[in-house]
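The values are calculated or read from the model by the stated rules, or taken from the named source; none is laboratory data. Keep in mind it's a predicted model, so treat the numbers as computed, not measured. Glycine also receives a Cβ, built like all others from the backbone with ideal geometry; neighbour counts cover every protein chain displayed.
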Amino acid sequence: MSGTVFKAVRGDITKLTDVDAIVNAANTSLLGGGGVDGAIHRAAGPGLLEECRTLHGCRTGEARITGAYRLPCQYVIHTPGPVWRGGRYNERELLSSCYRSCLELAVEKGVRRIAFPSISTGVYHFPVEEAAGIAVRTARKFAREHPGKLELVEWALFDDRTWQIYADEMEKSEED
Ligand code: ADP
């Protein structure tokens, strides 16, 4: 038992008020984009882009942390997920690495409550069922390996189908 609560909620990640950090499904430039990335930059305001410019990008599967500016949390953790190219280009390992990298940074900064979007399953086309399995298994394993560090790991899912898939996955891999 890790003592960590895992949740899947429906809604806009930029509106969450119960977490210390939200994760951005960024691209490798870290200079903003569409989807959840665009929503996070809009809600945070121009300060976020200014700070992101100083980071000079980030590799797929790695993560970087910034302030959250006008968002109601303390930090944004940016991670470029893999683009799905059929599954033979290390996409699964890279996605798992995104979750681990974000959680490592979180623990380093004392973040105890963190929310993820569904990384890579939008314009990057990672199949949602598989992405949800990787997301939940990776986060559960990380929490077991870091007992007492994380209070809450949640996913904020924008559409019903994605939410249902993460919720099912969470039930299936309930902690023993
Ligand atoms: P990627 O490029 O990693 O595929 P996207 O932003 O295209 O990232 O999509 C990732 C997921 O984020 C999709 O399920 C999309 O519907 C969802 N999404 C878009 N806007 C938001 C938001 N404001 N809050 C939470 N999830 C969002």
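Limited to the stretch 76-103, what total is found for residues that are more than 12 Å from the chain's Cα centre (by Cα) and more than 9 Å from the ligand (Cβ to nearest atom)? Matching residues across the stretch 76-103 total 10. Inspect all residues belonging to the stretch 115-135 and state whether any of them is in contact with a Gly (Cβ under 7 Å, 6 or more places away or on another chain) and part of a helix (DSSP H, G or I). Checking the stretch 115-135: not a single residue is in contact with a Gly (Cβ under 7 Å, 6 or more places away or on another chain) and part of a helix (DSSP H, G or I). Selection over the stretch 104-114 of residues that are within 16 Å of ALA26 (Cβ to Cβ) and either assigned to a loop (DSSP other than H, G, I, E, B) or not β-branched (Val, Ile, Thr) (or both) gives a count of 2.
Tell me yes or no: at least one residue of the stretch 146-154 is of a type in the set (Asp, Glu), surrounded by fewer than 18 Cβ atoms within 10 Å (Cβ to Cβ), touching a residue at least 40 places away in the same chain (Cβ under 8 Å) and more than 16 Å from GLU91 (Cα to Cα). Yes, some residue in the stretch 146-154 is of a type in the set (Asp, Glu), surrounded by fewer than 18 Cβ atoms within 10 Å (Cβ to Cβ), touching a residue at least 40 places away in the same chain (Cβ under 8 Å) and more than 16 Å from GLU91 (Cα to Cα). Pairs are defined by a Cβ separation below 9 Å, a sequence spacing of at least 6 or placement on different chains, a first member in the stretch 65-84 that is in a loop (DSSP other than H, G, I, E, B), and a second member that is basic (Lys, Arg); the pairs so defined are PRO72/LYS15; CYS73/ARG113; GLN74/LYS109; PRO82/ARG92. Of all the listed residues (VAL123, VAL76), the sole one being surrounded by fewer than 23 Cβ atoms within 10 Å (Cβ to Cβ), under 23 Å from ARG42 (Cα atoms) and modelled with pLDDT of 95 or more is VAL123. Consider the stretch 1-51 and keep the residues that are touching a helix residue (DSSP H, G or I) at 6+ places or on another chain (Cβ under 9 Å) and hydroxyl-bearing (Ser, Thr, Tyr). The one that is farthest from ILE65 (Cα to Cα) is SER2. Please determine whether any residue of the stretch 34-42 is within 11 Å of the ligand (Cβ to nearest atom), of a type outside the set (Val, Ile, Thr), more than 16 Å from PHE116 (Cα to Cα) and not in a loop (DSSP other than H, G, I, E, B). Checked the stretch 34-42: at least one residue is within 11 Å of the ligand (Cβ to nearest atom), of a type outside the set (Val, Ile, Thr), more than 16 Å from PHE116 (Cα to Cα) and not in a loop (DSSP other than H, G, I, E, B).
Among the residues of the stretch 137-153, those identified as touching a strand residue (DSSP E or B) at 6+ places or on another chain (Cβ under 6 Å) and outside any helix (DSSP H, G or I) are GLU151, LEU152, VAL153.
Considering only residues of the stretch 1-33 that are acidic (Asp, Glu) and touching a Lys or Arg at 6+ places or on another chain (Cβ under 9 Å), which is farthest from the ligand (Cβ to nearest atom)?
Here is the first cut: in the stretch 1-33, the ones acidic (Asp, Glu) are 12, 18, 20.
Now narrow it down to the ones that are touching a Lys or Arg at 6+ places or on another chain (Cβ under 9 Å): 18, 20.
Numbers: ASP18: 15, ASP20: 17 Å.
Going through the qualifying residues, I end up with ASP20.
All conditions in (1) on the phi > 0 side of the Ramachandran plot; (2) in contact with a Pro (Cβ under 6 Å, 6 or more places away or on another chain); (3) not hydrophobic (A, V, I, L, M, F, W, C) hold for GLU91, with the sole exception of (1).
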